[in-house]
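Following: one structure in structure tokens, then a few remarks.
The values are calculated or read from the model by the stated rules, or taken from the named source; none is laboratory data. Remember, it's a predicted structure, so these values are computed and weren't measured experimentally. Glycine gets a Cβ as well: all are built from the backbone with ideal geometry, and neighbour counts include every protein chain shown. These area figures cover heavy atoms from the full protein model, side chains too; ligands, DNA and RNA do not enter into them. Shrake-Rupley method; radii C 1.70, N 1.55, O 1.52, S 1.80 Å.
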Amino acid sequence: GVQTCALPICRQSAMNRRWPSLLALLVAFLVSATAFVAVRALRAPLLHGPTGYVLTDPDSYIHWRLVQRALNGEPFNIRWISEDNAPVGRFNEWTAPLTILGVGWVRALEFFGGLTRDRAFELGGLWFGPAIGLCGLAALGWLGWRAGGVALGIGWMLAWPTLVQGMRVTQCGNTDHHGFHQVIAILMLGGCLATTRKRSEEHTSELQSHS
């Protein structure tokens, strides 16, 4: 026969079943995030020079200069870079979203940390890579859970930070675009897998309701 259930009761029952999984996922994220930040913090003292913290590579300097220019009032879609290929300069091939994130990150440090603009800009460049990495870590846990359950979400969170490429582009002092591109790839691929599973569950539920 057809089994029915009042919609609010069904939703409450489903939520009650999800709480243990969500709690386990949250604990795993906190453990992974703590280890993630601690490992990257080991590098921070090595980046402290006579005039403050430095960045890790030329591309990071160029990108963070774009953030500085946007903070000083220029538009986000900066077209020309004078600091590279001097004295001629060159066309800027990087897109605005990363610059927007950098500006938002610096202003958040100013607002919530009570820092001056210069100090927020310096520390923002130091911790921009790890901050992007934490966003990717959270996305991996959530989408992994949606795609294959809590075990997959925890597995993804534990495995991804150990990859050499992931560690390199989310280290302290890295403001380049590769970490941001990794997060986009995680959202695209993980989102596709999570959506596929959801549609499969809906299809199975529909077949069961007509059986």
- Query: Rounded to the nearest 0.05, what FRET efficiency is calculated for T95 and T51 with R0 set to 41 Å and r the Cβ-Cβ distance?
  - Reply: 0.85
- Restrict the search to the stretch 133-177; then list the chymotrypsin sites (Phe, Trp or Tyr not before Pro) that DSSP places in a loop and that have at most 12 other Cβ atoms within 10 Å of their Cβ. none
- Task: Could you give the size of the charge dipole of the stretch 12-76 about its Cα centre, using +1 on the Cβ of each K and R and -1 on the Cβ of each D and E, expressed in debye and rounded to the nearest 20?
- Result: 280 debye
- Short version: ³J(HN,Hα) in whole Hz for each residue of the stretch 75-83, in order, from phi by Karplus 6.51 cos²θ - 1.76 cosθ + 1.60 (θ = phi - 60°), x for Gly and Pro, what are they? x, 5, 8, 5, 9, 10, 10, 8, 6
- Query: Under 5 Å between amide H atoms, partner at least 5 residues away or on a different chain: which partners does D84 have, H built in plane at 1.01 Å?
  - Reply: R90
- Query: Computed FRET efficiency, Cβ-Cβ of V164 and D84, R0 35 Å: what is it to the nearest 0.05?
  - Reply: 0.80
- Query: At a probe size of 1.4 Å, how large is the accessible area of V39, to the nearest 10 Å²?
  - Reply: 70 Å²
- For the stretch 33-187, what's the radius of gyration and Dmax over Cα atoms, in angstrom? 16.4, 55
- Query: How much length, in nm to one decimal, is gained on full extension between T34 and E74, taken as 0.36 nm per residue of separation minus their Cα-Cα distance?
  - Reply: 10.8 nm
- Query: Which GluC sites (Glu not before Pro) does the stretch 46-126 hold that lie in a coil by DSSP with at most 10 other beta carbons within 10 Å?
  - Reply: E93
